[in-house]
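Notes follow once the structure below has been shown.
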Amino acid sequence: MNIILLGPPGAGKGTQAQKLQNDVGIIQLSTGDMLRAAVASGSDLGKKAKAVMERGELVSDELMVGLIKDRISQPDCAKGFILDGFPRTEAQAKALDKMLEEGSHQLDDVIEMEVDEKALTERVVGRFTCAKCGTGYHEKFKPTKVSGVCDVCGSTEFSRRKDDNAETMKTRMAAYRAQTEPLLPYYRARGVLKKVDGMAAMDEVYRQIRAVLAGT
C-alpha cells in the first residue's frame, strides 16, 4: 500500500504517518531523512546531493525522486510507503508518478487532511516540547498538569520551534496554497484523492485515514 498525506504545515501529517507505520507496517518516508542517509552512505546519489547542498542550492526533483526510488526498493518497504512531505508541486507529482510506473508501483491513495487555517495557526503557535524527554504539549489543548512541570519526567525546561509563530505560519500557508494546493485537482483527476477532517482529534483523524485505506 503506497500513500501520500497532503496538508499544510502543522496539520499532523507526520504524527499520522508514524502511527500508520507502527500499526500497519508501511514505512514513513521523510525527504530530509532520506537526504541525510544518502549523504552519510556515500552513494552516487548521496554525493550529488551533498554537492548541491554544500552550494546552498535546492536538491532537484530528479535527484529527490531518485532517492525515493532507491529507498522504496529496500526490504522494509515491501508492505508499502507513506510520503508526507513530497511531492510539493505538480511537477514533482508527475516525476514521482513516472518513476513509480516504471518500477511497476502505484499510488493507492492520496489523502488530504483538510484544515481551518485560523484554527491550525492557533494549534501550531501554542505548541511546546519538554526539552529533556521530548513530550509535546499545547498551551490550550494539552497543557502540563502542573504549570511549568513536565508530566512525564518532571523537567521544568521547555522549548519551542523557532518557526512556530503566527507570521511564519502565514508565510508557510501562503506557500502551501500557491505550490501544493494545485496537486489536489491533479490527484482528483486520477481518482486517488480522498479527504479527512484534519481538525478532528488525533485519534479520530487516524480512524478516518484507516477507513480510507480500508476502502470504506
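The values are calculated or read from the model by the stated rules, or taken from the named source; none is laboratory data. Values in this document were obtained by computation on a predicted structure and should not be read as measured data. Reconstructed Cβ throughout: ideal geometry from the backbone, glycine too, with neighbour counts over all protein chains shown.
Checking the conditions here, which among Thr121, Thr144 is over 25 Å from Asp23 (Cα atoms) and touching a residue at least 40 places away in the same chain (Cβ under 8 Å)? Outline the logic, then answer.
Values: Thr144 fails: touching a residue at least 40 places away in the same chain (Cβ under 8 Å).
Only one candidate qualifies: Thr121.
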* Conditions (1) in contact (Cβ under 8 Å) with a residue 24 or more places away in the chain; (2) in contact with a strand residue (DSSP E or B) (Cβ under 7 Å, 6 or more places away or on another chain); (3) under 30 Å from Tyr137 (Cβ atoms); number of the one not met by Gly10 -> (2)
* Asked: Got a number for residues in region 78-87 being surrounded by 18 or more Cβ atoms within 10 Å (Cβ to Cβ) and either part of a helix (DSSP H, G or I) or aliphatic (A, V, I, L, M) (or both)?
  -> 2
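Considering each of Thr15, Thr31 in turn, give the residue that is of a type in the set (Ser, Thr, Tyr) and either out of contact with any Gly (no Cβ under 8 Å at 6 or more places or on another chain) or crowded, with 19+ Cβ neighbours inside 10 Å (or both).
Values: Thr31 fails: either out of contact with any Gly (no Cβ under 8 Å at 6 or more places or on another chain) or crowded, with 19+ Cβ neighbours inside 10 Å (or both).
Going through Thr15, Thr31 in turn, just one is of a type in the set (Ser, Thr, Tyr) and either out of contact with any Gly (no Cβ under 8 Å at 6 or more places or on another chain) or crowded, with 19+ Cβ neighbours inside 10 Å (or both): Thr15.
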* Select from region 97-126 the residues that are under 17 Å from the mean Cα position of the chain (by Cα), of a type in the set (A, V, I, L, M) and modelled with pLDDT under 95 and list them in ascending order. => Leu107, Met113, Val115, Leu120, Val124
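Among what's in region 181-198 and is over 22 Å from Asp97 (Cβ atoms) and not charged (D, E, K, R), pick the residue that is surrounded by the fewest Cβ atoms within 10 Å (Cβ to Cβ). Spell out the reasoning first.
Step one: filter region 181-198 for residues over 22 Å from Asp97 (Cβ atoms), giving 196-198.
Now restrict to residues that are not charged (D, E, K, R): 196, 198.
Working: Val196: 22, Gly198: 26.
Going through the qualifying residues, I end up with Val196.
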* Kindly indicate whether any position in region 52-69 is more than 27 Å from Ala201 (Cβ to Cβ), in contact with a strand residue (DSSP E or B) (Cβ under 8 Å, 6 or more places away or on another chain) and buried (at least 18 other Cβ atoms within 10 Å of the Cβ). => yes
* Can you confirm whether region 28-43 contains a residue that is modelled with pLDDT of 90 or more and either part of a helix (DSSP H, G or I) or not small (Gly, Ala, Ser) (or both)? => yes
* Would you be able to say whether some residue in region 88-109 is over 20 Å from Met34 (Cβ atoms) and part of a strand (DSSP E or B)? => yes
* To do: Scan region 130-180 residue by residue and report those that are within 26 Å of Glu117 (Cβ to Cβ), surrounded by 14 or more Cβ atoms within 10 Å (Cβ to Cβ) and β-branched (Val, Ile, Thr).
  => Thr168, Thr180
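What tally of residues in region 183-216 results from selecting those that are basic (Lys, Arg) and out of contact with any strand residue (DSSP E or B) (no Cβ under 7 Å at 6 or more places or on another chain)?
Within region 183-216, the first condition is being basic (Lys, Arg), and the residues that meet it are 188, 190, 194-195, 207, 210.
Imposing the further condition that a residue be out of contact with any strand residue (DSSP E or B) (no Cβ under 7 Å at 6 or more places or on another chain) reduces the set to 188, 190, 207, 210.
Total satisfying the criteria: 4.
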